[in-house]
1. Going by C-beta contacts inside 10 Å, put Leu119, Leu142 in order with the fewest on the left.
2. Check Asp74: other-chain or 5+ apart residues with amide H under 5 Å from its amide H, H built from backbone geometry?
3. Taking θ as phi - 60°, what are the ³J(HN,Hα) couplings along region 72-80 by the Karplus curve (6.51, -1.76, 1.60), each to the nearest whole Hz, with x for Gly and Pro?
4. Show me, for region 150-156, the HN-Hα J-couplings you get by feeding each phi into the Karplus relation (A = 6.51, B = -1.76, C = 1.60, θ = phi - 60°), rounded to Hz, glycine and proline as x.
Amino acid sequence: MVSLSPHVSKLTSYQIGQIAKSCLCIMILVMSITFLSLTQSAIVGPTRADNFLVLEVSASQYTNFTGTIAKVIDGDTVDISTTGDDGGTERIRLVLVDAPEYLQPGYFEAKNFVTEICLGKNAQVDPDDKQDRSYGRIVAVLYCNGTNVNADILDNDLASIYESFCAVSEFGNSDWAKRNGC
């Protein structure tokens with residue numbers, strides 16, 4: 001039979017519960033850090049908010065890439081055929097742009113505008129480093145033949161600025177975003 005030291009046997013059930021909770025919290029923290037390292041998310045650094053330690057995690061692991069616009073879904077979403085070794089198709093959501101949905105007033109005008117500028121043309125995608133994929137789409141600024149499509153569709157009043165994302169987007173302080181309401 002194993003004998004407990006006199007100090008351990010004097011612990012109350014409340015103290016044992018507190019120790020168990022502490023161990024559980026440590027296990028959860030270790031598992032979270034392990035998960036983040038396995039998913040290659042970069043820990044940016046610790047900050048303090050309301051007396052809690054917060055680990056900031058980089059949301060996006062994307063880099064700029066190029067391709068050809070294969071399809072225009074609507075005024076704020078396109079499909080791009082990528083170049084390079086993987087050569088696939090990516091769906092791009094124009095960051096900070098809120099274009100009309102199907103059958104809403106202005107839908108066809110916004111879609112046709114993006115089609116005219118982009119369809120079949122070379123494009124560069126600059127993903128938002130502060131946002132991750134949205135419904136499987138890369139959230140980004142889209143340049144078709146050097147034209148900033150996000151800025152152009154907003155400047156031509158064919159879409160609205162997505163104000164609720166201004167504070168969380170890397171592009172929220174850009175000139176074109178500010179000019180359109182960020």
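Readers should treat all values here as calculations from the given coordinates under stated rules, not as data from a laboratory. Please read all numbers here as calculations on a predicted model, not as lab measurements. Counting neighbours? That spans all protein chains shown, and the Cβs are built from the backbone with ideal geometry, glycine included.
1. Least to most surrounded, the residues fall as Leu119, Leu142.
2. Under 5 Å from the amide H of Asp74 lies no amide H from a residue far enough along the sequence or on another chain.
3. With the stated coefficients, region 72-80 comes to 9, 7, 7, x, 10, 9, 9, 10, 10 Hz.
4. The phi angles translate into 4, 5, 4, 5, 6, 4, 8 Hz.
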